[in-house]
Amino acid sequence: MNNSDDAQNLTQNAIKAAVAKKWQEAVEINEKILEIIPDDTPTLNRLGIAYSMIGKQTKAAASFKKVLVLDPKNQIAKNNITRLKVVKEHGLINPQITNIFFVEEPGKSKVIPLVSIGEPTVLSALNIGEPIEITPNKHKVKISSVHNQFIGYLPDNISHIYRISP
């Protein structure tokens, strides 16, 4: 097995650990990946999320900032730096918070920034894997928490596709 295969296996394990909310394990696995591929931005983003979930906000921010040095347009890192600022500004101390932007695997998932997003305190209280309500109407597709707290709208180009799909 070569380094690429090792990194791929570790990546799958890191994602599984995060989905299972085994954050310390996710930190350790992502750090191993970075030993193989030091500047891997998806790994740095996953590491930042995992750090933030165990309450290590400074390390989380450093990881996201490194992503932005490597890829200044990386929306995942930008969103998470914003989330960390909101958490700090509002004095939220629960490490089990995150944004709806988490993992993007090419060919498997897509990160779609919402428009007209809801209140920062609502967004910062969302958990990874938390169910959401998707409500299409004539013009927009509304995203809400299961407790009917407004999260945001899908962009028009995505809303159009969602509204005409069966």
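Since every read-out is calculated from the coordinates, none of them should be taken as a lab result. Because the structure is predicted, anything quoted here is derived from the model rather than measured. In this analysis, Cβ positions are derived from the backbone assuming ideal geometry, glycine residues included, and neighbour counts consider all displayed protein chains.
Where Lys and Arg each count +1 and Asp and Glu each count -1, what net charge lies around Ala50 among other residues with Cβ under 12 Å from its Cβ? That sum, taken over residues with Cβ under 12 Å, equals +2. Net charge of the neighbourhood of Ala7, taken over other residues with C-beta under 12 Å away and scored Lys/Arg +1, Asp/Glu -1, is -3. With a threshold of 19 Å on the Cα-Cα distance, the over-threshold entries among Lys32/Lys66; Lys16/Lys59; Lys78/Lys140; Lys21/Lys65; Lys22/Lys66; Lys16/Lys66 are Lys16/Lys59; Lys78/Lys140; Lys21/Lys65; Lys22/Lys66; Lys16/Lys66.
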